[in-house]
Amino acid sequence: MPAPHTQEALTVRVFVQRFSATRRGARLARRLAVHRLDVWDVPYGSPASEAVALVVAELAANAVLHGRVPGRDFELRLRCDRAAGAVRVEVSDTHPGRPEPADPDQEAEQAGEAEGGRGLLLVEAVAVRWGVQERTGPGKTVWAECVLPTSS
């Protein structure tokens, strides 16, 4: 008699949604991201949820403010991998320009003068790693990975 076939528990979950390239779309992306994490047993207000919320807020704001192409949306993709202990956030837009973080030394000299430019520094501070990659079609994908506490 053959041994029963066992399956491993599902440890990777993915959420993908397109949003209008507006401030409202960016806000909705952040709210849906933390809601989806809560559904995946990453509670609201936890350090992982807060880190992902900040990353989504900053990357979505960049997609809306700097990556917006009229008539085109941006896409949010969340990949929650419990086994790896990480949540990967990807925001894709259709603008070809690649984002660069502000120079922290230059930021200190110009404190109070600039209204923006610090978003990627925040992402860099809360994410384990981040980067930019090409995507199929026009534009790019900006991604960041945040630590997810592993289940004991």
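The values are calculated or read from the model by the stated rules, or taken from the named source; none is laboratory data. Values in this document were obtained by computation on a predicted structure and should not be read as measured data. FYI the Cβ positions are ideal-geometry reconstructions off the backbone, even for glycines, and counts take in every protein chain you see. Note: accessible area is taken over every heavy atom of the protein model, side chains too, but ligands, DNA and RNA are not part of it. Shrake-Rupley method; radii C 1.70, N 1.55, O 1.52, S 1.80 Å.
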For this session: Return the FRET efficiency for the residue pair R129, V39: r is the Cβ-Cβ distance, R0 is 25 Å, and the value is rounded to the nearest 0.05.
Result: 0.50
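May I ask you to list the chymotrypsin sites (Phe, Trp or Tyr not before Pro) in segment 12-97 that are in a DSSP loop and have at most 12 other Cβ atoms within 10 Å of their Cβ?
Y44
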For this session: Could you order R24, R30, R18 so the one with the most accessible surface comes first? Probe is 1.4 Å.
Result: R24, R18, R30
